[in-house]
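The values are calculated or read from the model by the stated rules, or taken from the named source; none is laboratory data. On a predicted model such as this, the values are computed, not experimentally measured, just so you know. Ideal geometry is used to build each Cβ from the backbone, glycine not excepted, and the neighbour counts take in all protein chains shown. Ligands, DNA and RNA are excluded from the accessible area calculation, which covers all protein heavy atoms including side chains. Shrake-Rupley method; radii C 1.70, N 1.55, O 1.52, S 1.80 Å.
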Amino acid sequence: MDCVERPCLGRREASKQERRQSIVEIAKRSFLEHGYAGTSMSAIAAEMGGSKATLWSYFASKEDLFGAVLDDATAAFRNQLNDVLSTKGALADTVQDFCRRFITKVTSTDGSSLHRLVVAESGRFPEIGEIFYSRGPEPVRRLLTEYFGTQMAQGLMRQDDPNHVTSVLVSLCMGDLYQRLIWEGAISDEREIAREAEYVADVFMRAFAPNERA
């Protein structure tokens, strides 16, 4: 490991981070297999081979642990989107790239399974809906809204409420392929996702391209 570019962790700290990651992976399996209500801190502690006190030293509650699972599931995706939206490429290309990555994520096994879990149980446990939104959709919406606001300020998009525009694009991305997965279990391949992303981006650009094109 290069300790110049990235500080080297002490052995004890590295061991703690590995232990924490192991807990998150165990919890993720349990949440997806047994649901939120069916997952207990006691069962997770037993599977990790430690005590509940040890588990609580990492996560103070099941809600905290669920949040960590969502952070782990979405961190890499948020970084990808940040890279996409920070490029200086053409608006249409950036929107299409975003759509492809977003549709890929929401139709992935983990993405769709977590969404099903939250929808199924947030009625009884409103806190998991709030945690899910704050760790998943909200950061994505914030990135998009900031990007669209910048594009509008530069005259590259039709003037509108950036929040509303973000809602439109997200809704379009969660259209055909996502709906067929949720209701029919249909799995999409990369070519289908690419075609859907191209179509969604085209519809979006026709709606929000500048009123007067050079």
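When the criteria are applied in full, residue 117 fails the requirement of being within 30 Å of residue 155 (Cα to Cα), touching a residue at least 12 places away in the same chain (Cβ under 8 Å) and open to solvent by less than 30 Å² (accessible area, probe 1.4 Å). Restricting attention to the range 81-125 and to residues that are outside any helix (DSSP H, G or I) and basic (Lys, Arg), the residue that is nearest to residue 182 (Cα to Cα) turns out to be 124. For the range 78-93, a residue qualifies if it is over 18 Å from the mean Cα position of the chain (by Cα) and either open to solvent by 20 Å² or more (accessible area, probe 1.4 Å) or free of Cβ contacts under 8 Å to residues at least 40 places away in the same chain (or both), and the qualifying residues are 87, 88, 89, 90, 92, 93. Cβ separations smaller than 9 Å between residues 6+ apart or across chains give the following pairs from the range 62-77 residues that are open to solvent by 10 Å² or more (accessible area, probe 1.4 Å) to residues that are of a type in the set (Asp, Glu): 63/127; 72/25; 73/110.
Within the range 190-205, is there a residue that is at pLDDT below 95, aromatic (Phe, Trp, Tyr) and either open to solvent by 40 Å² or more (accessible area, probe 1.4 Å) or not in a helix (DSSP H, G or I) (or both)? Within the range 190-205, none of the residues are at pLDDT below 95, aromatic (Phe, Trp, Tyr) and either open to solvent by 40 Å² or more (accessible area, probe 1.4 Å) or not in a helix (DSSP H, G or I) (or both). Output yes when any residue across the range 20-39 is in contact with a Lys or Arg (Cβ under 8 Å, 6 or more places away or on another chain), farther than 26 Å from residue 179 by Cβ and either buried (at least 17 other Cβ atoms within 10 Å of the Cβ) or not basic (Lys, Arg) (or both), and no when none is. Within the range 20-39, one or more residues are in contact with a Lys or Arg (Cβ under 8 Å, 6 or more places away or on another chain), farther than 26 Å from residue 179 by Cβ and either buried (at least 17 other Cβ atoms within 10 Å of the Cβ) or not basic (Lys, Arg) (or both).
Table: residues versus (1) open to solvent by less than 40 Å² (accessible area, probe 1.4 Å); (2) modelled with pLDDT of 95 or more.
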| position | (1), (2) |
| --- | --- |
| 134 | no, no |
| 146 | no, yes |
| 151 | yes, yes |
| 157 | yes, yes |
| 160 | no, yes |
| 170 | yes, yes |
| 175 | yes, no |
| 180 | no, no |
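Considering the range 126-163, the residues that are more than 22 Å from the chain's Cα centre (by Cα) and assigned to a helix (DSSP H, G or I) include one that is farthest from residue 112 (Cα to Cα), namely 153. For the range 152-171, the set of residues classified as within 12 Å of residue 209 (Cβ to Cβ), aliphatic (A, V, I, L, M) and out of contact with any Phe, Trp or Tyr (no Cβ under 8 Å at 6 or more places or on another chain) consists of 152, 156, listed by residue number.
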